[in-house]
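Worksheet for the structure shown next.
The values are calculated or read from the model by the stated rules, or taken from the named source; none is laboratory data. The shown structure was predicted, so the numbers you read here are calculated from the model rather than taken from an experiment. Neighbour counts are summed over all protein chains in view; Cβ atoms, including those assigned to glycine, are modelled from backbone coordinates with ideal geometry.
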Amino acid sequence: MPPKRETSRLVRNPGRLLTFSDGVVAIAVTLLVLEIQPPHDFGHLARGLGALWPSYLAYTLSFLLIGQVWVNHHVMFDRVRHVDRGVLFLNTLLLMVIAFLPFSTSLLADALRAEQGLRAAVVVYGGTLWTAAALFNIIWAHLRRAGLLDPGLGPFGARAIGRRFLLALIWIGSGVLVGAFVPIAGVVIIAGFLPAYYLPIRGEYGEDDGAT
């Protein structure tokens with residue numbers, strides 16, 4: 001008699017995904033500081049340290065942006081009951097983009113220092129962040145469509161989180177477009193994304209439509 005086919009759905013806990021993701025994020029933010037090389041002329045150390053301002057700027061911006069990715073990654077996966085292969089694959093792509101940010105950061109700092117190639121550097125930098133934002137939207141859409149979210153979140157919270165992720169895509173995309181013509185303005189727009197996205201999302205804890 002042939003064995004009975006297994007019909008139950010495999011349930012994968014998101015815990016391992018979060019642990020792996022946290023590790024990649026931690027490595028990415030650590031690698032950022034390696035771009036800042038100390039000056040070689042210790043006879044004029046203060047001047048040399050001051051000349052590194054592009055590296056300080058790029059490091060600070062990227063550290064806070066990666067921190068923001070980490071915060072919103074937890075906002076997303078704190079409400080996930082379990083994950084499927086699609087989520088594992090999409091999250092791997094997201095981590096690949098995050099791991100690329102130290103290179104984009106170094107490119108931006110070098111272009112600022114050289115005062116050349118800044119348009120291309122801002123486009124690459126912003127494009128990396130835009131790709132991460134796009135993957136956030138794709139992952140969230142997949143989680144909702146596949147029914148992988150905690151029912152306690154409710155439709156209001158799910159829509160509120162989705163709107164925040166969509167706005168990030170538009171905001172960063174605007175910065176990339178502006179940066180292709182006016183690089184510094186593009187960086188300012190992308191940097192302006194920071195304070196808004198560290199704020200809590202109304203409904204993320206499962207409040208209903210009437211919550212304040």
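Applying the selection to region 60-108, what residues are of a type in the set (D, E, K, R) and surrounded by 19 or more Cβ atoms within 10 Å (Cβ to Cβ)?
First, the residues of region 60-108 that are of a type in the set (D, E, K, R): 78-79, 81, 84-85.
Correct list: R79 only.
Yes/no matrix, rows are residues, columns are (1) on the phi > 0 side of the Ramachandran plot; (2) more than 15 Å from the chain's Cα centre (by Cα); (3) modelled with pLDDT of 90 or more; (4) outside any helix (DSSP H, G or I):
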| site | (1), (2), (3), (4) |
| --- | --- |
| V33 | no, yes, yes, no |
| H40 | no, yes, no, yes |
| G43 | no, yes, no, no |
| S55 | no, yes, yes, no |
| A58 | no, yes, yes, no |
| S62 | no, no, yes, no |
| I66 | no, no, yes, no |
| V69 | no, no, yes, no |
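If G157 passes every condition in (1) over 18 Å from the mean Cα position of the chain (by Cα); (2) buried (at least 22 other Cβ atoms within 10 Å of the Cβ); (3) modelled with pLDDT of 90 or more but one, which one does it miss?
Exception for G157: condition (3).
If the requirement is being among the aliphatic types (A, V, I, L, M) and within 23 Å of R12 (Cβ to Cβ), which of these qualifies: L118, L153, L129?
On the way: L118 fails: within 23 Å of R12 (Cβ to Cβ); L129 fails: within 23 Å of R12 (Cβ to Cβ).
Exactly one residue qualifies, and that residue is L153.
If you go through region 74-110, how many residues are touching a residue at least 40 places away in the same chain (Cβ under 8 Å), assigned to a helix (DSSP H, G or I) and not hydroxyl-bearing (S, T, Y)?
Within region 74-110, residues that are touching a residue at least 40 places away in the same chain (Cβ under 8 Å), assigned to a helix (DSSP H, G or I) and not hydroxyl-bearing (S, T, Y) number 19.
What residue, among those in region 42-59 that are touching a residue at least 40 places away in the same chain (Cβ under 8 Å) and among the small types (G, A, S), is surrounded by the fewest Cβ atoms within 10 Å (Cβ to Cβ)?
In this case the residue turns out to be A51.
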